[in-house]
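J.: Sending over a structure as structure tokens; questions will come in a sec.
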Amino acid sequence: PSARFYSSPAGSITFYRGNPDRKISVSLYPYDWLEASIFYSSIKGKTYPGFNQDYKDKGFNLKLRLFQRENMPSLAVGFNDIGGTGYYSSEYLVSSYSVKNYDFHLGAAWGTLNHHDHLKNPFSYISDHFSDRNSDLDQGGQLNSNNFFSGHSFSIFGGINYLLSNNLILGIEYDPTKTPGKVGYKEPSNNYSFG
């Protein structure tokens, strides 16, 4: 995730075919400070109750810009799978900052983006409610607000993009997605990606 947003109005459709999940998502950018998406996924290796087929899941994602000023880092907050089963449920705070052709992103993540338990959850100092995260949400269909920014810890994520030209960007990122997690992702050899 980053604190970058498309100019409004805009929209996009993404198709992903991976293992073990496949996903289609539709994203809308009605304002330059809001990104909202809906997704539908099929997860191989898990059965759909009452049917002889792969598990199906749908959910909603939301990202809001909290702060943006010229020559200052931008700040955004995001919520993934906010009304779903919790298979992809996560929350994050992320900051982005550009210097010449470089674009830097650094954030803190809870839920499925928190694999490495880097630091103690600071919200647990406010209330014990934030110390525990309910991972048994298989029914879905309701807002999971009790889980927002909860869990005993959080992980750091980040990335750097370098703009070579208007049509070519080089990037490296550190991704702390929980593996195997509820989806059943393969354990990666490392958490770095290059593109």
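J.: If only one of Gly151, Gly83 is in contact (Cβ under 8 Å) with a residue 60 or more places away in the chain, farther than 18 Å from Pro1 by Cα and under 17 Å from the mean Cα position of the chain (by Cα), which one is it?
T.: Gly83
J.: In this structure, is His105 of a type outside the set (Asp, Glu), closer than 23 Å to Asn190 by Cα, out of contact with any helix residue (DSSP H, G or I) (no Cβ under 9 Å at 6 or more places or on another chain) and open to solvent by 40 Å² or more (accessible area, probe 1.4 Å)?
T.: The answer is no for His105.
J.: Okay, next question. Looking at the range 154-193 only, could you name the residues that are open to solvent by 80 Å² or more (accessible area, probe 1.4 Å) and over 20 Å from Asn114 (Cα atoms)?
T.: Leu164, Asn166, Asn167, Leu168, Ile169, Leu170
J.: Is it the case that Ser124 is surrounded by 13 or more Cβ atoms within 10 Å (Cβ to Cβ) and part of a helix (DSSP H, G or I)?
T.: yes
J.: Could I ask something else about it? For Lys46, only one of the following conditions fails: (1) open to solvent by 40 Å² or more (accessible area, probe 1.4 Å); (2) of a type outside the set (Gly, Ala, Ser); (3) closer than 19 Å to Leu106 by Cα. What is its number?
T.: For Lys46, the exception is condition (3).
J.: Among the residues of the range 91-98, is any of a type in the set (Gly, Ala, Ser) and in a loop (DSSP other than H, G, I, E, B)?
T.: So far as the range 91-98 goes, no, none of its residues is of a type in the set (Gly, Ala, Ser) and in a loop (DSSP other than H, G, I, E, B).
J.: May I ask you to list the residues in the range 86-123 that are within 18 Å of Phe67 (Cα to Cα) and more than 18 Å from the chain's Cα centre (by Cα)?
T.: Tyr97, Ser98, Val99, Asp103
J.: Hey, among the residues in the range 69-90 that are touching a Phe, Trp or Tyr at 6+ places or on another chain (Cβ under 6 Å) and of a type outside the set (Gly, Ala, Ser), which one's surrounded by the most Cβ atoms within 10 Å (Cβ to Cβ)?
T.: Out of the qualifying residues, it is Asp81.
J.: For the range 143-153, which residues satisfy the criterion of being of a type in the set (S, T, N, Q) and loosely packed, with under 14 Cβ neighbours inside 10 Å?
T.: Within the range 143-153, Ser145, Asn146 qualify.
J.: Which of the following residues is closer than 18 Å to Glu91 by Cβ and at pLDDT 90 or above: Ile156, Ile160?
T.: Sole residue among the options that is closer than 18 Å to Glu91 by Cβ and at pLDDT 90 or above: Ile156.
J.: Quick check on my filter: what residues within the range 2-28 are open to solvent by less than 50 Å² (accessible area, probe 1.4 Å) and within 16 Å of the chain's Cα centre (by Cα)?
T.: If the condition is that a residue be open to solvent by less than 50 Å² (accessible area, probe 1.4 Å) and within 16 Å of the chain's Cα centre (by Cα), then Ser2, Ala3, Phe5, Asp21, Ser25, Ser27 are the ones that fit.
J.: Let me ask you something else. Out of the range 153-195, which residues are more than 30 Å from Ser127 (Cα to Cα) and of a type in the set (Ser, Thr, Tyr)?
T.: Hits for the range 153-195 are Tyr162, Ser165, Tyr185, Ser189, Tyr192, Ser193.
J.: Check off (1) within 23 Å of Gly158 (Cα to Cα); (2) assigned to a strand (DSSP E or B); (3) polar (S, T, N, Q) for Ser12 and give me the number that stays unchecked.
T.: (1)
J.: So the check is Cβ under 9 Å with 6+ separation or different chains; which pairs have a first residue in the range 52-74 that's farther than 17 Å from Ser96 by Cβ and a second one that's open to solvent by 100 Å² or more (accessible area, probe 1.4 Å) and at pLDDT below 90?
T.: Note: pairs meeting the criteria are Gln53/Thr47; Asp54/Thr47; Tyr55/Thr47.
J.: Can I ask one more? For the range 108-121, how many residues are crowded, with 16+ Cβ neighbours inside 10 Å and assigned to a strand (DSSP E or B)?
T.: 4
The values are calculated or read from the model by the stated rules, or taken from the named source; none is laboratory data. If you're wondering where the values come from, they're calculated on a predicted model, not measured in any experiment. With ideal geometry, Cβ positions are generated from the backbone for all residues, glycine too; neighbour counts draw on all protein chains shown. Note: areas computed on protein heavy atoms with side chains; ligands, DNA, RNA excluded. Shrake-Rupley method; radii C 1.70, N 1.55, O 1.52, S 1.80 Å.
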